[in-house]
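Visitor: Here you go, one structure.
Bear in mind that the values in this text are calculations on the coordinates, not laboratory data. This one's a predicted model, so the numbers in the text were calculated from it and none came from an experiment. All Cβ positions, even for glycine, are placed from backbone atoms using ideal geometry, and neighbour counts span all protein chains on display.
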């Protein structure tokens, strides 16, 4: 029995062994490497026989196993002819003389993540996708190469540094900041409306037909390997500098480099330090080199704006002036601060950003692309003396400067002069984008810090707001949005749109509308806003300056505003010029719509814009005779105090029809057409007047009956609280039915 059981067990074991052997054979047959599968990249290079130098570099770099096994790579492979030329250029006889570090650079920079045929290289890979489905035409791919920690001198001390991999002062330790390699297929160039000539502008000495990698021609393309695609090139390509390192390497741009250094910061990074120390057996600390977030981009960042695959289709551009040009420009522009280091940092950033484009600028499209400030190049392409394709963008050296709008428009007179810091700060709160447009012409009356403070205003950093205390008074400073509104009102009255140079000559007499809709007047070199008229303290001109978009005047006093209600101003005019304003004032002050206690007029809101059209006494007497106003219809003598409801209504209607609602109209020749009055007809519809102003000092109004009534120019254009007051030679007729 025992012998039978032993035989059964033995038979079972043999059967299981036989069965397992059969299954293993089937498994190996099924999963064995197909006979028709192409060799891996490394083995293909060996079998081709003309890559001996490159293979030596692969071995020294430690990438033999990587390129001999599974993977998914694109490899730009320089053949032996290419290496022969390269070795000769660096004074070496063969690839054995190349050290491991240089070999690593050659291999990894020509090794691209993922496998791409030429027609796939030109397509943009959307984030999170491995297939090229986007229509954009790409011309860069991320490589396996990255700069890790390097040594540089900071304040005369050799320091270990790593570059940032983000803009805006950010950093992601898990991102190695890999470099990108550019390639130029004629298909991708044509896809972005470029041609071979655009490539030749950047690489004038390169031989280009239809597919180059940097300045190397692709001799053979789309060689399929088990672990990727090989493209054979006729030149050894080394890792390209990024913008930061290229500028640092060129002595002729050292002054610009100094300015970039002012925007750079170095901060200790514990995570990178530990990683570096573990790899190098060093005790050195590593510092992260970043750039101020105010800069358009970090020149040492290999990633593009989104820090993703967007670098496949775009990059940065920078136009850097030579030392001589930069120093001359600095002397010309920084008359008060002398150097960018002494100036506020915003001036430095505006200068740098004027030369930085957050896009890749091709020379044929230089006039179509705006820099970080939205300004196109204002220099000729002939000023470009150096062109370089870099790992993170394009570099152009220029023998001029990009003249930033902030430095050459009317804004610059406040921006670049420390005596006008408060005015500059107020302009930054809203007007700056408008007055820095070269094509938008302005005249600006300068407001010095001394004048602003003398008027009772100042900015309080601790409260982040403006404050105001009326001069000559004591008490608590009003730090509030109300104080801010007051200083902004003065500022906006001091900025005048002058598309035709209306204020280039102040020796005559005239009136113009300021930015905020209020009007200012000038007479024989003296300038008045409503407050200046009221206090008889005109703004006088010391000197002037010219900008590319207008003119500035250096002044004594500010253009102030009145806070006096309009009826009080009318009463004063009636006192000074009774034959022009007396009768109207007497009707107004006795009208049911007038509030004597606060000098208000019903439906006239304090702070809104109005135009008062006041018929002179003769015109009002004519209205009395016509029965339009209460009084003696035979003699024309007015009755200012009639309590008859019909007379009260006549006065109200007459006054309302002679007030333009929410609009100011002066005799500057700029406004015409229909304007609403305060009067409504029986159906509640607003009645309009037609303004006729074909030229300066020529202003009249057409009433409901087509009558044209002119202003008395010598008694018109009176400035009141956001109001213009005119004297009319006749009255305006209306119909409320």
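Visitor: Give the average over all directions of the projected area of the C-alpha convex hull of the stretch 419-502, one decimal, in nm². Each step should come with its number before you reach the end.
Guide: Details: hull surface 24.4 nm².
Hull-based average projected area comes out at 6.1 nm².
Visitor: Okay, which of the stretch 520-553 sit inside 14 Å, backbone N to the point 7 Å along the Cα-Cβ direction of residue 572?
Guide: Label zone hits: 528-538.
Visitor: Per-residue counts of other Cβ atoms within 10 Å, averaged by peptide: what ranking do you get for 173-181, 397-405, 254-262, highest first? Let's see the in-between values first.
Guide: Details: 173-181: 18.2, 397-405: 21.2, 254-262: 16.7.
Top of the packing list down: 397-405, 173-181, 254-262.
Visitor: Please give the peptides 468-475, 270-277, 316-323, 450-457 ranked by average Cβ packing (other Cβ atoms within 10 Å per residue), highest first, as a rough proxy for protection.
Guide: Order by mean packing, descending: 316-323, 450-457, 270-277, 468-475.
Visitor: Moving on. Between the alpha-carbon centers of the stretch 308-351 and the stretch 132-196, tell me the distance in whole angstrom.
Guide: 22
Visitor: What translational D, rounded to a whole number of µm²/s, comes out for the stretch 566-728 from Stokes-Einstein when the hydrodynamic radius is the Kirkwood one over Cα pairs, at 20 °C and 1.002 mPa s?
Guide: Numbers: Rh = 15.9 Å.
The estimated diffusion coefficient comes to 135 µm²/s.
Visitor: With each label point set 7 Å from Cα along the Cα-Cβ vector, what nm distance links residue 166 and residue 43?
Guide: Here the answer is 4.3 nm between the modelled labels.
Visitor: Given Cα positions, please report Rg to Rh for the stretch 247-406, the hydrodynamic radius being the Kirkwood one.
Guide: On the way: Rg = 17.2 Å, Rh = 17.0 Å.
That ratio is 1.01, to two decimals.
Visitor: Computed from the mean reciprocal separation of all distinct C-alpha pairs, what Kirkwood hydrodynamic radius does the stretch 408-556 have, in Å?
Guide: Numbers: mean 1/r = 0.0637 Å⁻¹.
About 15.7 Å for the stretch 408-556.
Visitor: Treat each spin label as a single point 7 Å out from the Cα along the C-beta direction, and report the residue 579 to residue 59 distance in nm.
Guide: Roughly 11.4 nm, to one decimal.
Visitor: Taking 0.36 nm per intervening residue step and subtracting the Cα-Cα distance, what contour gain separates residue 262 from residue 690 on full extension? Don't skip to the answer; put the middle values down first.
Guide: On the way: separation 428, 0.36 × 428 = 154.08 nm, distance 5.99 nm.
Gain in length upon complete extension: 148.1 nm.
Visitor: For the stretch 202-307, build the convex hull from the C-alpha positions and give me its volume per residue in Å³.
Guide: On the way: hull volume 22.6 nm³, N = 106.
Value for the stretch 202-307: 213 Å³ per residue.
Visitor: Provide the FRET efficiency to the nearest 0.05 for the residue 337-residue 440 pair, computing r from the beta carbons and using R0 = 25 Å. Could you put the intermediate results ahead of the total?
Guide: Numbers: r = 26 Å, r/R0 = 1.05.
In this case the efficiency is close to 0.45.
Visitor: In terms of the ratio Rg/(2.2 N^0.38 Å) built on C-alpha atoms, what value belongs to the stretch 542-605?
Guide: Numbers: Rg = 18.7 Å, N = 64, 2.2 N^0.38 = 10.7 Å.
For the stretch 542-605, the normalised Cα radius of gyration comes out at 1.75.
Visitor: Over all pairs of distinct alpha carbons, what does the Kirkwood formula give as the hydrodynamic radius of the stretch 483-641, in Å? List each step's numbers first, then the result.
Guide: Numbers: mean 1/r = 0.0554 Å⁻¹.
About 18.1 Å, per the Kirkwood formula over Cα pairs.
Visitor: Also, quick follow-up: Starting from 0.36 nm per residue, how many nanometres of slack lie between residue 546 and residue 208 once their C-alpha separation is accounted for?
Guide: Working: separation 338, 0.36 × 338 = 121.68 nm, distance 4.93 nm.
Length gained between residue 546 and residue 208: 116.7 nm.
Visitor: With label points built 7 Å along Cα→Cβ from the Cα atoms of residue 155 and residue 649, find their separation and express it in nm.
Guide: 8.5
Visitor: Could you calculate the FRET efficiency of residue 464 with residue 702 from 1/(1 + (r/R0)^6), where r is the beta carbon distance between them and R0 is 60 Å, rounded to 0.05? Kindly include the intermediate steps, with their values, before the conclusion.
Guide: On the way: r = 51 Å, r/R0 = 0.84.
Calculated value: 0.75.
Visitor: So, one more: Using 0.36 nm per residue of separation minus the Cα-Cα distance, give me the extension gain between residue 626 and residue 367 in nm, one decimal. Let's see the in-between values first.
Guide: Numbers: separation 259, 0.36 × 259 = 93.24 nm, distance 6.68 nm.
That works out to 86.6 nm of additional length.
Visitor: Calculate, for residue 481 and residue 523, the FRET efficiency according to 1/(1 + (r/R0)^6) with r their C-beta to C-beta distance and R0 51 Å; round to the nearest 0.05.
Guide: Details: r = 35 Å, r/R0 = 0.68.
E between residue 481 and residue 523, to the nearest 0.05, is 0.90.
Visitor: Tell me the mean residue ellipticity at 222 nm calculated for the chain from its helices only (DSSP H runs of n ≥ 4, each -39500 (n - 2.57), averaged over every residue, nearest 500).
Guide: Values: 24 runs with 224 residues, N = 737.
Only helices count here, giving -8500 deg cm²/dmol.
Visitor: Hey, what's the Cα Rg ratio for the stretch 101-239 versus the globular rule of thumb, 2.2 N^0.38 Å?
Guide: Numbers: Rg = 17.2 Å, N = 139, 2.2 N^0.38 = 14.3 Å.
Normalised Cα radius of gyration, the stretch 101-239: 1.20.
Visitor: Looking at the chain, send over the antiparallel percent of its DSSP beta bridges, to the nearest 5.
Guide: Working: 87 of 113 bridges.
Antiparallel bridges: around 75 percent, rounded to the nearest 5.
Visitor: May I ask for log10 I(q)/I(0) of the chain at q = 0.06, 0.09, 0.10 Å⁻¹, from a Debye sum over the Cα atoms as equal point scatterers with solvent left out?
Guide: Rounded to two decimals, the profile gives -0.60, -0.91, -1.01.
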